[in-house]
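> Pasting a structure below so you can have a look.
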Amino acid sequence: MRQSNLQDNRSVITAGEPSPQPNSWWGMKKNAIKANKHSYILMAPYMILFSLFTILPVVMSIIISFTYFNMLEFPRFVGWQNYIRLFLEDDVFLIAIKNTLLFATITGPISYIACFIFAWIINELSPKWRAFMTLVFYAPSISGNVFFIWLMIFSGDRYGVMNGFLIKWGILLEPIQWLKTEAYIMPIIILVQLWLSLGTGFLAFIAGLQTVDRTLYEAGAVDGVKNRWQELWFITLPSMKPQLMFGAVIQLTTSFAVSDVSIYLAGFPSVNYAAQTVVTHLIDFGTIRFEMGYSSAIATVLFIMMVGSNLIIQKLLRKVGD
């Protein structure tokens, strides 16, 4: 009897104890990996390519920025010398920083807001008109000879569209060298870049607006949403935060990485470096002078500027709809 009672008590105690669970973080992580191994296998090709062609080049660029490397000799470690030269001795780089920040401050927010406004308006059209207008607005960003059009408009002779128009109406007596005059170069480049800015971000906003659940507007009307502006702030924008974030990253990256517009319109280098940007400065030292250590330092500074700006934008976008 005593033996059976002891066995019953032991069975009760054993039944009341929890089953052994992995207590370590690695044990839980290992189980999670096993449970989702098929997902990791599918992600592996992308992660390998992303690591090889994005993460590794960034890391290598940061390392090379602390060396002297001319593509012919083995890199020689020089410490902070490239960065000291960049900020204390390179006057052109300071001009490029000023132009880039001015360019990004103006074109970044304006192009971002313009992309969303145009996408919001076009989204209200019928499907056929929406597809047509999307193509019309997106076409400039993929056109190959788009700079040729603007070179014709701002040509410095009487046959230029802008000069011809202003002379015809008596506003000018002599043609202006628009792209050779320092005061006009940056405004023209900003104008052209704004015209080109309706690209990937614009398409992302169109896609985001299409995914908003229409029943949310009915629920909002019941909860007291009275007009389209309240619908936009409390329903539309919170519902498409991923697209808003993606568009912000694209527009900021484009505004900081501007170079083609400057080179094609204002020349390389431009008059008194009026259109010099960080990327054109990087191209100068990286692909012409082959000072790879110094150009890597320029790229690292640009990378820090982009990352810092994106972090600020993310904090601002989290407040949308609050």
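> Just to confirm the number: angle between the C-alpha axis of helix 292-317 and the first principal axis of the chain, 0 to 90 degrees, nearest 10?
That works out to roughly 70 degrees.
> Using only alpha carbon pairs under 8 Å that are at least six residues apart, calculate the relative contact order of segment 85-317 and give it in whole percent.
Value for segment 85-317: 28 percent.
> If amide H atoms are built 1.01 Å from N in the plane of the peptide, which residues on other chains or at least 5 residues away come under 5 Å of the amide H of residue 68?
76, 77, 78
> Any chance you could count the Lys pairs in the chain whose alpha carbons are under 24 Å apart, treating pairs 8 or more apart or on different chains as valid?
Close lysine pairs found across the chain: 7.
> About its Cα centre, how strong a charge dipole does the chain have in debye, to the nearest 20, once Lys and Arg get +1 and Asp and Glu get -1 at the Cβ? Mind showing how you got there, number by number?
Details: 22 positive and 18 negative charges, 195 e Å.
The calculated dipole for the chain is roughly 940 debye.
> Quick check on packing: order 251-260, 45-54, 132-141 by the mean number of other C-beta atoms within 10 Å, highest mean leading.
Going from most to least packed, we get 251-260, 132-141, 45-54.
> Based on Cα positions only, what radius of gyration and what Dmax would you give for segment 85-317, in angstroms?
21.0, 65
Values in this text are rule-based calculations from the coordinates and carry no lab data. Everything quoted here is computed from the prediction, not taken from an experiment. Counting neighbours? That spans all protein chains shown, and the Cβs are built from the backbone with ideal geometry, glycine included.
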